[in-house]
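Visitor: The structure is given below, and queries will be raised subsequently.
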Amino acid sequence: MSDEMVLSEKVAAGGRSGWKQDPAGVQKNILAVAMTEFAANGLSGARIDEIAAKTHTSKRMIYYYFGDKERLYGRVLEEAYRQVRTGEEELELDHLPPVEALKRLTEFTFDHHSRHPDFIRIVMIENVHHGVYLEQSELIRLLNAGAIQKLEGICRRGRADGLFREDVSPLELHWHISASSFFNVSNQATFSRIFGSTLYTVDGQRSLRDHLVEMVVGLALKPEHAKGYTRGAAHP
């Protein structure tokens, strides 16, 4: 960034304290604010003026870094998926026995989605747009291919150990994990109004997570091993 642009940004930001020349930090701040705005208002309802007002920078710099609102939305979508896949990488599942690895991955996904409702809302919004912006992103394709590859590795180890069914599908396991973890957040408001909030207490959420683990691991295990599997157990 040129000295002239740095000076211009300081002026445009109105002398906001704490501003410094930190392109990576500025972009991270913009993406975080934009994610909240897009999650709350959708692509059509979000306004760059509102996003700029809540960042540490200016509207001008948002356009400088991201081009326009649609490209900013695309970057937000990529960031949302990057965060969840980075979290999966940090689990270091390749070093765990297959049942424990599948258990950890399922628990992580349930907890991540519960703690990051904006991720769920962004994905819901992208479904409203029929996945058009997601389809344009090579990064998202690579990130999500990695998620299936991780499950393929777990299943491969599980079959090699004689624990997992030969026909266990990594894609189906991913679907089941994602579906329950997603629904838990996406339908919380309507589900709670219809059936009460018992499942959204601390104990209720713990029970749902434990049952999801039991279901997913049970789907992967051979019948003779699944019979001996209980919630919280690392091995059948």
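The values are calculated or read from the model by the stated rules, or taken from the named source; none is laboratory data. All of these numbers come straight from a predicted model, not from anything done at the bench. Every residue, glycine among them, receives a Cβ derived from its backbone with ideal geometry; neighbour counts consider all protein chains shown. The area values use the complete protein model at the heavy-atom level, side chains included, leaving out ligands, DNA and RNA. Shrake-Rupley method; radii C 1.70, N 1.55, O 1.52, S 1.80 Å.
Visitor: Could you list, in sequence order, all residues of the stretch 71-81 that are in contact with a Leu (Cβ under 7 Å, 6 or more places away or on another chain) and not hydroxyl-bearing (Ser, Thr, Tyr)?
Guide: Arg75, Val76, Leu77, Glu78, Glu79
Visitor: Right, something else. Would you confirm whether any residue within the stretch 105-114 is under 14 Å from Val217 (Cβ atoms), of a type in the set (D, E, K, R) and touching a Leu at 6+ places or on another chain (Cβ under 7 Å)?
Guide: Within the stretch 105-114, not a single residue is under 14 Å from Val217 (Cβ atoms), of a type in the set (D, E, K, R) and touching a Leu at 6+ places or on another chain (Cβ under 7 Å).
Visitor: Then there's this: Of everything in the stretch 148-170 that's among the hydrophobic types (A, V, I, L, M, F, W, C) and touching a helix residue (DSSP H, G or I) at 6+ places or on another chain (Cβ under 6 Å), which residue is nearest to Ala80 (Cα to Cα)?
Guide: Ile148
Visitor: Right, another one. Starting from residues that are open to solvent by less than 80 Å² (accessible area, probe 1.4 Å) and among the aromatic types (Phe, Trp, Tyr), keep the ones in the stretch 158-192 and report whichever is farthest from Pro98 (Cα to Cα).
Guide: Per the stated criteria, the residue is Phe191.
Visitor: Right, Gln205: touching a residue at least 60 places away in the same chain (Cβ under 8 Å) and either under 21 Å from Tyr81 (Cβ atoms) or assigned to a helix (DSSP H, G or I) (or both) or not?
Guide: Values: touching a residue at least 60 places away in the same chain (Cβ under 8 Å): yes; either under 21 Å from Tyr81 (Cβ atoms) or assigned to a helix (DSSP H, G or I) (or both): yes.
Against the criterion (touching a residue at least 60 places away in the same chain (Cβ under 8 Å) and either under 21 Å from Tyr81 (Cβ atoms) or assigned to a helix (DSSP H, G or I) (or both)), Gln205 qualifies.
Visitor: Moving on to the next point. Just to be sure, is Phe195 surrounded by 12 or more Cβ atoms within 10 Å (Cβ to Cβ) and at pLDDT 95 or above?
Guide: no
Visitor: I've got another one for you. May I ask you to list pairs of residues, at least six apart or on different chains, whose Cβ atoms are under 7 Å apart, with the first in the stretch 163-189 being among the acidic types (Asp, Glu) and the second being open to solvent by 50 Å² or more (accessible area, probe 1.4 Å)?
Guide: As it stands, the answer is Glu166/Arg159, since those pairs meet every condition given.
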